[in-house]
1. Within the stretch 149-182, which residues are surrounded by fewer than 19 Cβ atoms within 10 Å (Cβ to Cβ) and under 18 Å from Asp98 (Cβ atoms)?
2. Kindly provide the set of residues from the stretch 110-132 that are touching a helix residue (DSSP H, G or I) at 6+ places or on another chain (Cβ under 9 Å) and within 17 Å of Tyr146 (Cα to Cα), ordered by number.
3. Limited to the stretch 156-188, what total is found for residues that are of a type in the set (A, V, I, L, M, F, W, C) and at pLDDT below 95?
4. Give just the number: which of (1) over 20 Å from the mean Cα position of the chain (by Cα); (2) assigned to a strand (DSSP E or B); (3) not hydrophobic (A, V, I, L, M, F, W, C) does Pro218 not satisfy?
5. Among the candidates Val100, Val152, single out the residue that is in contact with an Asp or Glu (Cβ under 7 Å, 6 or more places away or on another chain) and on the phi < 0 side of the Ramachandran plot.
6. Of all residues in the stretch 122-139, count the ones that are among the charged types (D, E, K, R) and assigned to a strand (DSSP E or B).
7. Inspect all residues belonging to the stretch 113-134 and state whether any of them is surrounded by 20 or more Cβ atoms within 10 Å (Cβ to Cβ) and at positive phi.
8. Report, by residue number, each residue of the stretch 229-278 that is part of a helix (DSSP H, G or I), under 30 Å from Tyr105 (Cα atoms) and among the aliphatic types (A, V, I, L, M).
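The values are calculated or read from the model by the stated rules, or taken from the named source; none is laboratory data. Treat the numbers as computed from the prediction; the structure is a model and nothing was measured. All Cβ positions, glycine included, derive from the backbone under ideal geometry; neighbour counts span all protein chains shown.
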Amino acid sequence: MKVSGFTFIRNAVANDYPITEAIRSILPICDEFIVVVGQSTDETRQLIANINSPKVRIIDSVWNDSLKEGGVVFARETDKAYQAISADTDWAFYIQGDEVVHEKYLPLIVKEMEQASHNPAIEGLLFKYLHFYASYDYFGDSRRWYRREIRVIKNLKGIQSYRDAQGFRLNERKIKVKLIDAYIYHYGWAKPLTGLNNKVKNFNKFYHDDEWIKEHVPETYEFDYGNADRLIKFNDTHPGVMQKRIETTRWEIDFKDKPLQKHMDFRRKLLQRVEDITGWRVGEYKNYKIVKR
C-alpha cells in the first residue's frame, strides 16, 4: 500500500502556520509528500526544505490572486498538489498548513486504509476535528465549528478539491467515506491577539476585494473573540511535533471578559442544546456521504 501526503502553503512564517509540524505529523506513514509552495515574501520554501526528508518534494507555484470568490484559489493549489502524487499511489493524505495529527492516531489510520483498500464502497476517510481557539488550552465546541472533514482519499481519477479546499468531490459528486475515530488538531485559531488580527486581515484577502476589506477589516480592526460561542478546556496531550512550538510560544489568556456566548441568539442556543442532548447537529452541512461498510 502506497501513501502520498500532499499540501499547499504560502507565507507560512509571516502567518505563523505550523506547516512543518503538519507535514512531520503524518510523514511517518507516507511514502512521499508533495508540497506546493506559493510565491512567498518570507522563508517558507527554505522552511519546507529544512525538513530534510527524501520523501518531501517541493513544487513551486504562482497563485492567481484574482481568484477571490469563496477562497477558490486554495482549492486550485490543492489540486496542483494532488495531481502531482505518484500514479501508483493507493491513498492520498491531505493536510492543511494549520492542521496536525497526533501520533497516537497513526496506527489506526493505517489500519483503516488497509481495510478499505479493496472496498469500492469507501472512497475516503472522514476525520473528527478539534479546533483550538486563542490558546493551546481551549477548543471551540459549538455549531460554528465543522465537526468532520475528509482528509484521506483514494487515488481516483476525477477527484478535485471543493470550494475553498475544505473537502473534495469525485466527478462533482460527494465522496463516499468512512468515519474513523481519529482527530485532526486544527491550530488555525490558536494565536495571541496580534496573530488573530493578522489572520482575519490576511485570510479575507483571498475571499473579498479591496473595498470589502476596507469596509469590514479597517486598519483599526481588533479581533473581539465573538466567533467562538463556547469553549472547552483541553485536558489531553498535544501531538509530539507541536511540543516545542507550544513550549516556546505559549501565552496566557483570560476568557472571563470575552463575549463568547453573548453572540448566540435564541435559535442557536436551542439548536446547540439539541445537539448536546442527542448528538444530532440539526441542519449540519455535510460535504461527504458516510457509508458503514
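1. Arg163, Asp164, Gln166
2. Leu125, Phe127
3. First, pick out the residues of the stretch 156-188 that are of a type in the set (A, V, I, L, M, F, W, C): 156, 159, 165, 168, 170, 175, 177, 179-180, 182, 184.
In the following step, the residues that additionally are at pLDDT below 95 were identified as 165.
The qualifying residues number 1.
4. Only one criterion is unmet by Pro218, namely (2).
5. Numbers: Val152 fails: in contact with an Asp or Glu (Cβ under 7 Å, 6 or more places away or on another chain).
Of Val100, Val152, the one residue that is in contact with an Asp or Glu (Cβ under 7 Å, 6 or more places away or on another chain) and on the phi < 0 side of the Ramachandran plot is Val100.
6. Residues of the stretch 122-139 among the charged types (D, E, K, R): 123, 128, 137.
With assigned to a strand (DSSP E or B) added as a condition, the list becomes 128.
Counting residues in the stretch 122-139 that are among the charged types (D, E, K, R) and assigned to a strand (DSSP E or B) gives 1.
7. yes
8. Hits for the stretch 229-278 are Val241, Met242, Ile246, Val274, Ile277.
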